[in-house]
Structures are given as structure tokens and as C-alpha cells.
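Just below is one structure, and these are the notes that go with it.
The values are calculated or read from the model by the stated rules, or taken from the named source; none is laboratory data. As the structure is a computational prediction, the values presented were derived from the model and not from experiment. Don't worry about glycine lacking a Cβ; one is built from the backbone with ideal geometry, like all the others, and counts go over all protein chains shown.
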Amino acid sequence: MKSRFQPLMQALALSIVLAATSITATAATTPASISYTLGPKATVQRLYPDASWLPADYAGNYPDLAATIEKFTLQSLARDGVTDAKVTVSFPKSKGQIQVRVKIEPTSALGRTVAKRYAKVHPQLLDATHAQAALSAVTACQAAQTSPAAPACWDPQPVAHQPWALYLPLGLPMAAQRSVLFLDYPPIPALTGQDYLNNFTMCRWERIMGAAGATNPHAFEAIVDSRPIAAPGSGAEKLLPNPQTWFNSPTGAVYLTPTLQLLSSPPHASSKQTLPVAVFGSAPRATWAQIVGQKTVKVMDVGTTPLGGQARQTPWIATNHPDVTSYNCCPGDPAASCAGSHDLLADEQLDFVAACWLQTMSAPGAPTAEVAKQRCQTTWQDSASSQPSAQAKQTLCVQAKLDNQNRSAQCASFEEAWNYCSAHDANACATFDCTFDATQVKQPVPALDLRPTGWQDTCHHKF
């Protein structure tokens, strides 16, 4: 991955004007190491997954705080294009308190530039306005369950061995991100897998971003969870606390708007406009409407807003949750598993419009949010005036054959999906299975190095 993505990440990261908080000289041939303090250990320990407070079902995954912080910091560095740095966490004592100290030892100029950015933003993400506010909101929600003056809030109907737990956006890009994703997240596998992005939802979204043209989907994966609670991945939305009430108001704490502001405003964002924000799913759309002062926000709505009253405008688009197509089938499919959901083709097109929009709005010289949407709709969505190109239709078909809720209609691999679509004129709903006549395959399966980024994973078979 380094060889493919390093040039892009280097160009992004080296454009950032940064100030280091602490620099320690090393060997003359090696960039200086960067050290910074995250805060008191007693506080930081509550913000990272740790055996000292996690439910017993997860505690065994996080027995060592230093190792946990090191691991998530290395994940962030890798997603910012730095794969050769060393991270060490120590616990020095200062003014009577044990502190958490992070030391990053880069081996390149890019690594040093990114590490200097971390010295500023990593402590910010954990401060009283951001991660600590999320912890305060969770604490208030937990207390409300037993308060006679407030309705139950925390974990009213837990799934066996999947209790809720605070899980903040850790291990994500912090220097060279190109967008912010606002959605209901994360599912339990992200917590147990010790990787915030290691689950079906982000596996599939990376495929969409890659298929829509992103060479490095990780650059588009700075996430703000509308409810930063690890919970079962499906069927739990109605049980979870209201995002605006608990995570963006004095009832719990004001966490969402400040964190959206911070992540969408890195130094490489323009002086007039922040990074673009994509809003996924019904609960985040309702929350976003309150944040931007609108009555409602519907799928494919776009706009710009001075987020939280800041000077720069934030362009945004609203769309479906990334998992929606995985619960959909082709029109007319009688399979019981479809459960009346037959919007597969239309929802695939919406996903690709959103992915295209994010890339368009994150590029230099971006148009208005509305113009970008119109351009992306012309590329990816059927309309009275235009249709996707043959290449775009094939891409949409392949993704649909991998997402179909009817497992009989779902193809087992990229190769199988490609051949099906090639044999059926890019019609993902030509049949309600994945059979095709090999003699009708018109386009050979692309070589590995010619496939979109992320298309080696079928996601359904990985998770």
C-alpha cells in the first residue's frame, strides 16, 4: 500500500504548516523524534479501551494501556501515509500526576511532518471539548437509567455478550484527511477487532470510494460517530440514546459539533471552506438538521453551513447509511430474505453519487456543493437526460452483485460478479442468482493492479 499511496499522502501532508510541541534530536541521518503529552493517565485511560473499565466481554482485548495507545497511533500514522515510524508510550510523573507521553520516531521527512501535526491534534482530540465531553455524555446517560426524573438511556436491552461501551474514533487519519464522515458507528467488531475501521460497514464503504475513483480511501475515513458507543451492528438504533440530546446538548455534553469542527478544519483545508462532510443514515441526518438549523435533511440534500458559527463554510451531503444496500434486493425478487426491500439498484447509485461528491469537494478548486452533486449524478445516476457510461454501469453492477441481500443472487467474488455483469450487459438484476454463460462474457476480468482500490475484499465473506 505504501508504494501506491505514499505520493498522494506526501503531497497532502507536506502542505500542512505545523508547529511541534517537543522535538528531541536523534542521529544526524534520521529526522528528529516528536514527543507530546496526552494528559493525566487517569483521564486518558478512560478514553481509550482499557481493561480497567471495559465490560468483561472486551477487557481481555485491551490489557495494556501503553500497547493500546501505541497500536492506535500506529494505525493513524499508516492511514496518513506513514508506515515506517516507531511509537513509544511512557508514563512520566509531573506535578504529582502520572502523565501519558507519546514519542514518535519517524524515518522520513513525511513522517516528521505528520508527527508534528499529531503533537497538536492528538491531545486536542482527547481534551475537555472533545473526547472528555463524550465521556461526560456517556456518564450522564448511564446515570439517567436509574434516575426517576429521566427516562432510561443506557443499554436498555443489551445483546448477550455485546454490552455497550464508549468507543471513540481512534486510529484514524489525523493529518491528511480529505473529508469527515458523520454516521451511527461503531459496531462491536470494531472494538473487539482492535481496529476502528475493521468491520463490514467500512470494508464496503472503502470499496465504494475505490470504485468511485479514490486511490486512498483511508484519506476519507475521519469519522465522527453520532453516538460514540460500540453496540451491536444491527437492530439497536432505536435503543440507542438520541445523539443531539446526549452528545450535543447540556443534557449530556456538547461533543459532536466541536469534534466535527476540529476534524474538518486541518491546516490544509482552504481559508474559506473546511473539508466536506458526508452525513449517513436517518439518526445522523436528523441530528445534522439540528446542527445546521434546518427542519429536516433528506437523502441527497446538500448545502454549506458555518458549522458551529465558525468563519469557514462547511460543504455537506446527506445520504444513506453505508450498509443500506446490504439489506436490499433487485426489484421483483420474491426471496423471503428480501423482506420487501427492493431498492438495490437505486441505492447503489446514491452511494456512488455521495462517494463521487466527497472526492469532488475535497479537490482543489471544488465547485459548489450543488454543482458537485449534479456532476456526480450525471456520472452515476439514471435520469431523463443522462445515463451512466458503460464503464460506470459495469462498476455499479459488480457492486450490486456483491451487496445483494438474497444470498442466491449475491456473487461470491469480484471475479464472479464481473463475469456475471459482463455476460448480462451490466444488468445486476437480469436474474435472481449469479449464474452466467461464460461464452457471453464480453470483457475479461481486470488484472489485480487495474482493479479499483479495495476490490480485493468482498466484505460479506470477510466479516
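Brief remarks follow.
- Taking the conditions (1) crowded, with 24+ Cβ neighbours inside 10 Å; (2) more than 30 Å from G81 (Cβ to Cβ) in turn, A230 satisfies each one other than (2).
- So T304, is it surrounded by fewer than 23 Cβ atoms within 10 Å (Cβ to Cβ), in a loop (DSSP other than H, G, I, E, B) and of a type outside the set (D, E): no
- Scanning region 111-137 for residues that are β-branched (V, I, T) and within 18 Å of L260 (Cα to Cα) turns up V121, T129.
- Residue, nearest to L47 (Cα to Cα), within region 111-158, restricted to residues that are of a type in the set (G, A, S) and out of contact with any helix residue (DSSP H, G or I) (no Cβ under 9 Å at 6 or more places or on another chain): S136
- Subset of region 94-139 (residues that are over 20 Å from G81 (Cα atoms), surrounded by fewer than 23 Cβ atoms within 10 Å (Cβ to Cβ) and over 26 Å from the mean Cα position of the chain (by Cα)): S94, K95, G96, Q97, I98, Q99, R101
- The residue pairs whose first member lies in region 421-434 and is of a type in the set (A, V, I, L, M), whose second member is part of a loop (DSSP other than H, G, I, E, B) and surrounded by fewer than 16 Cβ atoms within 10 Å (Cβ to Cβ), and whose beta carbons are closer than 8 Å, counting only pairs six or more residues apart or on different chains, are A423/D437; A423/K442.
- Restricting P250, P258, P284, P267 to those that are assigned to a helix (DSSP H, G or I), surrounded by fewer than 22 Cβ atoms within 10 Å (Cβ to Cβ) and either over 16 Å from the mean Cα position of the chain (by Cα) or modelled with pLDDT of 95 or more (or both) reduces the list to P258.
- Condition met for S326 (within 27 Å of T378 (Cα to Cα), surrounded by 19 or more Cβ atoms within 10 Å (Cβ to Cβ) and either of a type in the set (K, R) or touching a residue at least 60 places away in the same chain (Cβ under 8 Å) (or both)): yes
- Filter result (of a type in the set (A, V, I, L, M, F, W, C), touching a residue at least 40 places away in the same chain (Cβ under 8 Å) and part of a loop (DSSP other than H, G, I, E, B)) within region 152-196: C153, W154, W164, L168, L170, L172, M174, A175, A176
- Lone unmet requirement of (1) outside any loop (DSSP other than H, G, I, E, B); (2) more than 16 Å from P243 (Cα to Cα); (3) in contact with a Pro (Cβ under 8 Å, 6 or more places away or on another chain); (4) modelled with pLDDT of 95 or more for H122: (3)
- Which listed residue is outside any loop (DSSP other than H, G, I, E, B), in contact (Cβ under 8 Å) with a residue 24 or more places away in the chain, closer than 28 Å to M300 by Cβ and polar (S, T, N, Q), from Q405, Q410, Q391, Q377: Q377
- Meets criteria (under 22 Å from the mean Cα position of the chain (by Cα) and of a type outside the set (F, W, Y)) for D351: yes
- In this structure, Q290 qualifies as in contact (Cβ under 8 Å) with a residue 12 or more places away in the chain, assigned to a helix (DSSP H, G or I), more than 15 Å from L183 (Cβ to Cβ) and in contact with a helix residue (DSSP H, G or I) (Cβ under 6 Å, 6 or more places away or on another chain).
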